Amino acid sequence: MSTTYEGFTAEEKAAMKEHAQDMKKSARRASAADKAAEAEQDVVAKIAEMPDEDRVLAERVHAIVKANAPALASKLWYGQPAYALDGKIVCFFQAKAKFKTRYATLGFNEAAQLDDGAMWPTAFALTKMTAAVEKRIAALVKQAAG
């Protein structure tokens with residue numbers, strides 16, 4: 001069986017284009033305070049654009065991150081809400097509509113302090129928000145932010 005490389009999907013190309021636009025926009029901002037305020041507005045606006053199912057999850061994730069890890073700065077990352085510490089992405093929300101997947105994802109990058117032995121999860125599927133899910137997200141975000 002021979003497989004050929006078909007290149008990036010349309011969704012992947014769009015995500016890369018959004019990332020480049022986000023980086024250019026960030027570079028044009030004046031002060032650090034202006035950058036933070038505009039980045040927060042960008043994240044809130046991006047969440048508002050999401051389809052209802054993704055938007056509800058993203059709004060709760062955003063609120064949980066802001067309440068439990070206030071040191072994390074909101075920013076867009078590949079066109080999705082993300083949260084950074086000292087400029088490094090710690091965690092992010094990926095809407096299921098973004099890549100036409102079965103579920104939304106809460107992911108954590110290398111900067112997250114989630115280390116647990118020789119192996120630990122760095123992404124979690126989100127299908128609905130319950131009290132138990134909110135509690136787990138809060139604990140993960142607190143730990144990830146250090």
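Do you know which residues across segment 53-79 are without any contact (Cβ under 8 Å) to a residue 60 or more places away in the chain and more than 19 Å from ALA33 (Cβ to Cβ)? Selection gives GLU53, ASP54, ARG55, ALA58, GLU59, HIS62, ALA63, TRP77.
Within segment 39-60, the set of residues being within 22 Å of LYS25 (Cβ to Cβ) and aliphatic (A, V, I, L, M) comprises ALA39, VAL43, VAL44, ALA45, ILE47, ALA48, MET50, ALA58. Within segment 64-72, does at least one residue satisfy the condition of being charged (D, E, K, R) and part of a helix (DSSP H, G or I)? Yes; the residues of segment 64-72 include at least one that is charged (D, E, K, R) and part of a helix (DSSP H, G or I).
For segment 124-146, a tally of residues being over 22 Å from PRO70 (Cβ atoms) and assigned to a loop (DSSP other than H, G, I, E, B) returns 3.
All conditions but one from (1) more than 26 Å from LYS100 (Cβ to Cβ); (2) in contact (Cβ under 8 Å) with a residue 40 or more places away in the chain apply to ASP34; the one that does not is (2). The residues listed here are GLU59, GLU110; of these, the one that is surrounded by 13 or more Cβ atoms within 10 Å (Cβ to Cβ) and not aliphatic (A, V, I, L, M) is GLU59. The set of residues in segment 90-123 being over 12 Å from VAL61 (Cα atoms) and in a strand (DSSP E or B) consists of VAL90, PHE108, ALA123. Residues of segment 1-15 that are among the aliphatic types (A, V, I, L, M), surrounded by fewer than 13 Cβ atoms within 10 Å (Cβ to Cβ) and either at pLDDT 80 or above or in contact with a Pro (Cβ under 8 Å, 6 or more places away or on another chain) (or both): ALA10 alone.
The values are calculated or read from the model by the stated rules, or taken from the named source; none is laboratory data. Quick caveat: nothing in here was measured; it's all calculated off a predicted structure. Neighbour counts run over all protein chains shown; Cβ positions are idealised from the backbone, glycine included.
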